[in-house]
Amino acid sequence: MRQPLIIDRSQDLQFMTEALELARQGAALGEVPVGAVLVLGGQVVGRGFNCPISSADPSAHAEMVAIRDAACHLANYRLPETTLYVTLEPCSMCAGLMVHARVRRLVFGTAEPRAGVAVSRGQFFSQDWLNHRVLVEGGLLAEECAALLGSFFRQRRQSA
């Protein structure tokens, strides 16, 4: 049975700040700066940042890495009652993974107008054919998340 959802906004800020720090770590390695943390009961159980370039793995998005980390840590492929904090609106691959993993809540930073499927290019999570509902909230620390991405791509264009 599902527990009632109690949202602590100060914890939301804390965990999104941690996701931003992970995004910075990825940027330092030349990866697109997106970070994610998966939280269960107020504790981080999974962390990740984008690393498809350094890992030679096209699926190594921040969300995917954090969810894999949590599943390994918890020894379970289902992650009910968890909240995923990610600095950028998820793509279709990551959204599908959240449904399959049974993530309860998604909190993202900035919208992704080209490929985001939570609100920008569609409302994936509200499709009636899905067998699991993920609660979605966007815009937490959106300016900071967008600024980090913008700075990264400006630097990349200047170096090219």
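Here the stretch 14-33 is the region considered, the condition is being in contact with a strand residue (DSSP E or B) (Cβ under 6 Å, 6 or more places away or on another chain) and either among the small types (Gly, Ala, Ser) or under 13 Å from Val65 (Cβ atoms) (or both), and the residue that is most open to solvent (accessible area, probe 1.4 Å) is Gln25. The condition (being among the hydrophobic types (A, V, I, L, M, F, W, C), in contact with a Cys (Cβ under 9 Å, 6 or more places away or on another chain) and modelled with pLDDT of 95 or more) is satisfied by just one residue among Leu135, Leu88: Leu88. Against the definition (touching a helix residue (DSSP H, G or I) at 6+ places or on another chain (Cβ under 7 Å), over 19 Å from Leu20 (Cα atoms) and surrounded by fewer than 20 Cβ atoms within 10 Å (Cβ to Cβ)), how does Pro58 come out, yes or no? When the stated conditions are applied, Pro58 passes them. Hey, any hits in the stretch 143-158 for a residue that's open to solvent by less than 50 Å² (accessible area, probe 1.4 Å), assigned to a loop (DSSP other than H, G, I, E, B) and of a type outside the set (Ser, Thr, Tyr)? Scanning the stretch 143-158, I find no residue that is open to solvent by less than 50 Å² (accessible area, probe 1.4 Å), assigned to a loop (DSSP other than H, G, I, E, B) and of a type outside the set (Ser, Thr, Tyr), so the answer is no. Annotation: of all residues in the stretch 102-129 being out of contact with any strand residue (DSSP E or B) (no Cβ under 8 Å at 6 or more places or on another chain) and hydrophobic (A, V, I, L, M, F, W, C), the one that is surrounded by the fewest Cβ atoms within 10 Å (Cβ to Cβ) is Trp129. Tell me, please, whether a residue that is in contact with a Leu (Cβ under 6 Å, 6 or more places away or on another chain) and assigned to a helix (DSSP H, G or I) can be found in the stretch 51-62. For the stretch 51-62, residues in contact with a Leu (Cβ under 6 Å, 6 or more places away or on another chain) and assigned to a helix (DSSP H, G or I): present.
Examine the stretch 115-123 for a residue that is assigned to a helix (DSSP H, G or I) and under 25 Å from Glu144 (Cα atoms), and state whether such a residue exists. No, the conditions are met nowhere in the stretch 115-123.
For the stretch 92-110, the criterion of being farther than 21 Å from Glu144 by Cβ, in a loop (DSSP other than H, G, I, E, B) and without any contact (Cβ under 8 Å) to a residue 24 or more places away in the chain is met by no residue.
The values are calculated or read from the model by the stated rules, or taken from the named source; none is laboratory data. Keep in mind that this is a model prediction, so the values were computed, not measured. Positions of Cβ are backbone-derived with ideal geometry, glycine not excepted, and every protein chain shown enters the neighbour counts. SASA here: full protein model, heavy atoms, side chains in, ligands and nucleic acids out. Shrake-Rupley method; radii C 1.70, N 1.55, O 1.52, S 1.80 Å.
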